[in-house]
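To start, the structure itself, in structure tokens.
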Amino acid sequence: MNNLSTATPLDLATTMVEILNEKNAGDLRLLHVTDQTIIADYFIICTGNSNTQIKAFAGELEFKLGEYGVKPLRTEGFSEASWIVMDFASVIVHIFNRETREFYNLERLWGDSVEVDVSGIVTEK
């Protein structure tokens with residue numbers, strides 16, 4: 001990681017995917033949503049196996065990115081930890097438990113977006 005505070009949205013999103021992958025986040029997806037919404041350039045979607053793991057993913061993102069001066073504008077859902085949303089302006093991270101992810105199915109909702117290939121980053125677990 002270099003200077004993330006001036007990184008492109010894709011570089012920031014890729015770094016986030018790397019961090020989440022290192023923590024064993026499940027079913028990582030990176031969606032390029034620029035043409036579908038003005039709220040962000042990228043959505044990251046991943047799954048945790050427990051509320052503790054979901055909180056750990058969010059905490060690790062905040063800690064590692066904070067070392068480079070990058071902090072979320074907002075974080076929602078931390079106390080319930082079935083769906084944590086972290087807004088980093090150009091990148092919004094959605095960390096779900098399996099049931100909540102299946103219910104909301106953001107991949108379908110944002111189906112017109114382009115999924116970025118992260119196979120070179122993500123190791124299947």
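Pairs of Cα atoms under 8 Å, at least six residues apart: use those to get the relative contact order of the stretch 7-111, whole percent.
Working: 170 pairs, mean separation 27.4, N = 105.
Averaging sequence separation for qualifying contacts and normalising by length gives 26 percent for the stretch 7-111.
Which of the following values of Kirkwood radius over Cα pairs in Å was calculated from the structure shown: (i) 14.3; (ii) 16.4; (iii) 17.6?
(i)
GNM on the chain, C-alpha springs below 10 Å: top fluctuator among Ile39, Ile95, Ile19?
Ranking Ile39, Ile95, Ile19 by mean-square fluctuation puts Ile39 first.
Just want the ordering: Arg29, Arg98, from fewest to most Cβ atoms lying within 10 Å of their own Cβ.
On the way: Arg29 19, Arg98 13.
By the 10 Å Cβ count, ascending: Arg98, Arg29.
How do Ser90, Ser79, Ser113 rank when sorted from fewest to most other Cβ atoms within 10 Å of their own Cβ? Show your work: numbers first, answer last.
Working: Ser90 16, Ser79 8, Ser113 20.
So the residues, fewest neighbours to most, are Ser79, Ser90, Ser113.
Given Cβ point charges of +1 (Lys, Arg) and -1 (Asp, Glu) and nothing else, what value in debye, to the nearest 20, does the dipole of the chain about its Cα centre take?
Magnitude of the dipole: close to 300 debye.
Out of the GluC sites (Glu not before Pro) in the stretch 19-125, which ones are loop residues according to DSSP with at most 16 other C-beta atoms within 10 Å? Could you put the intermediate results ahead of the total?
Values: sites: Glu22, Glu60, Glu62, Glu67, Glu76, Glu80, Glu99, Glu102, Glu107, Glu115, Glu124; in loops: Glu67, Glu80, Glu124.
For GluC sites (Glu not before Pro) across the stretch 19-125 that sit outside H, G, I, E and B with at most 16 neighbouring Cβ atoms in 10 Å, the list reads Glu67, Glu80, Glu124.
To the nearest 500 deg cm²/dmol, what mean residue ellipticity at 222 nm is calculated for the chain from DSSP H runs of n ≥ 4 alone, each contributing -39,500 (n - 2.57), summed and divided by the residues?
Result for the chain, helices only: -9500 deg cm²/dmol.
Restricting to the chain, compute how many DSSP beta bridges are antiparallel as a %, nearest 5.
Of the beta bridges lying entirely in the chain, close to 70 percent run antiparallel.
Every read-out reported here was derived from the displayed coordinates using simple, explicitly stated rules and does not represent laboratory data. Just so it is clear, the structure is predicted and the values come from calculations on it, not from any experiment. With ideal geometry, Cβ positions are generated from the backbone for all residues, glycine too; neighbour counts draw on all protein chains shown.
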